[in-house]
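Before any comments, here is the structure.
The values are calculated or read from the model by the stated rules, or taken from the named source; none is laboratory data. Note that this is a predicted model, so its numbers are computed, not measured. Here the Cβ is made from the backbone with ideal geometry for all residues, glycine too, and neighbour counts use every protein chain on show. With ligands, DNA and RNA removed, areas are computed over all heavy atoms of the protein, side chains included. Shrake-Rupley method; radii C 1.70, N 1.55, O 1.52, S 1.80 Å.
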Amino acid sequence: MAGLTAMEKKLAEYKCNTNEAIQLKLVRFPEDLEDDNTAFNPEYSHQVFGDDEVAFGYQGLKILLYYIAGNLSTLFRIKYTSKVNEKFDCVEADDVESKIREIIPPGFCTNTDDFVSLLEKEVNFKPFGTLLHTYSVHNVEAGEDITYQIYKADMTCPGFRDYHERLQTFLMWFIETASFIDVDDERWNYFLVFEKYNKDGATLFATVGYMTVYNYYVYPDKTRPRVSQMLILPPFQGEGHGAQLLETVHRYYMSSPTVLDITAEDPSENYVKLRDFVLVKLCQNLPCFSPEKLMQGFSQEMVTEAQQKLKINKQHTRRVYEILRLRATDMGDTEQSRSYRLDVKRRLIGPYKKKQRELAKMRRCLRPEELTNQLNQIDLNMQHEQLEESFQQLVSDYRRVLERLAQA
């Protein structure tokens, strides 16, 4: 038994955390290849390496996935200091290369010289599709404003299909439940963010992030665009590009008379916060959201104006109203604070009322009645606590949106 334990300990030394082993880079200059500061790691690797996010059979494992910053031509290499089958008979290492090959498209480089040769041709790369928006962000480190552009593309753009195959590989590392889409379906729209930068006097473009949107049909003659995937690559996160992208996409669809409203597929918590900020920014100057009207309560006028002018649905409009009403409310004033709390809680209590109706049905069917009433009372107390907790969390989230809005 002791011998088995010793063997297990030795084999455990050949387990590698794949989130740490995978090194990603966006390469602009040849010197980036040797600069560890330009590397970043995945947040997830379970879709490729299993729930444990472990590769077995290696010591010092490094899985290098380097992308040319613009067209995302790829260098894929595997390094390690020791492999298990070099030390132990009848023990096989995981086939890491095959797992990676399953998600990266063919045509990648496996040696640095070929990759550098492609890097020299990067000056010929230009963004795909139609330019929708240009903006700048001040870079403190560089001491200058950097220009970014957002484009709308589709699969008819020459070269875009191959580029998208390379781009979507990032989803596996940064979106927990990511999957690749059917690019042959013409109802997909693609929105891309690029940074403009200079290299040897020439203007080049680096990929920053992207969004995919599916145009659902709504009877009889409308569409409902649904955001499916959105990713800003890690080196660019925290600079406001997500908000710029989402607002640009909203403005693109706002101009279409056939669009009913814009939704999102299984939005993450971070996406909801981003959407709150963008929609409040778009809505705050609409007449129906004036402070006077906000204090009168949520209205059909708000629903209609937000839907017709900004393609925002009723559920999202309600959140916008609550955020803007919080800004207009003096929470130090007892009456104003109470009025706001009751207004928001009336919306939040909906699911709890449904639960009460279900319990009422149970009470009619179950015996003894006293036990049912007791359970009902316990549930009511719990619901009041949960309701207050939900309200406080919501107000905290809303305040962060308003703080960001004040800085915008």
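Here THR169 passes the criteria (1) more than 21 Å from the chain's Cα centre (by Cα); (2) within 30 Å of VAL54 (Cβ to Cβ); (3) among the hydroxyl-bearing types (Ser, Thr, Tyr) except the one numbered (1). Could you tell me which residue of the stretch 206-231 is nearest to TYR163 (Cα to Cα), considering only residues that are of a type outside the set (D, E, K, R), assigned to a strand (DSSP E or B) and open to solvent by 20 Å² or more (accessible area, probe 1.4 Å)? Selected residue: MET230. Number of residues in the stretch 119-177 that are within 18 Å of GLY209 (Cα to Cα), free of Cβ contacts under 8 Å to residues at least 60 places away in the same chain and either in contact with a Cys (Cβ under 8 Å, 6 or more places away or on another chain) or charged (D, E, K, R) (or both) equals 3. Of the residues contained in the stretch 198-205, one or more are found to be assigned by the TED database to the domain that holds THR223, at pLDDT below 95, open to solvent by 40 Å² or more (accessible area, probe 1.4 Å) and not acidic (Asp, Glu). For the stretch 327-352, filtered to residues that are without any contact (Cβ under 8 Å) to a residue 40 or more places away in the chain and charged (D, E, K, R), the residue that is surrounded by the fewest Cβ atoms within 10 Å (Cβ to Cβ) is GLU335. In the stretch 18-42, which residues are touching a Leu at 6+ places or on another chain (Cβ under 6 Å) and surrounded by fewer than 18 Cβ atoms within 10 Å (Cβ to Cβ)? Matches in the stretch 18-42: PHE40 only.
Does PRO267 count as touching a residue at least 40 places away in the same chain (Cβ under 8 Å) and in a loop (DSSP other than H, G, I, E, B)? Criteria met by PRO267. Mind counting the residues in the stretch 232-262 that are assigned to a helix (DSSP H, G or I) and either open to solvent by less than 40 Å² (accessible area, probe 1.4 Å) or charged (D, E, K, R) (or both)? Total meeting the criteria: 13. Within the stretch 177-190, restricting attention to residues that are in contact with an Asp or Glu (Cβ under 9 Å, 6 or more places away or on another chain) and either among the hydroxyl-bearing types (Ser, Thr, Tyr) or assigned by the TED database to the domain that holds ASN19 (or both), the residue that is modelled with the highest pLDDT is TYR190. ASN71 meets all of the listed conditions (1) among the polar types (S, T, N, Q); (2) loosely packed, with under 15 Cβ neighbours inside 10 Å; (3) touching a helix residue (DSSP H, G or I) at 6+ places or on another chain (Cβ under 9 Å) but one, namely (2).
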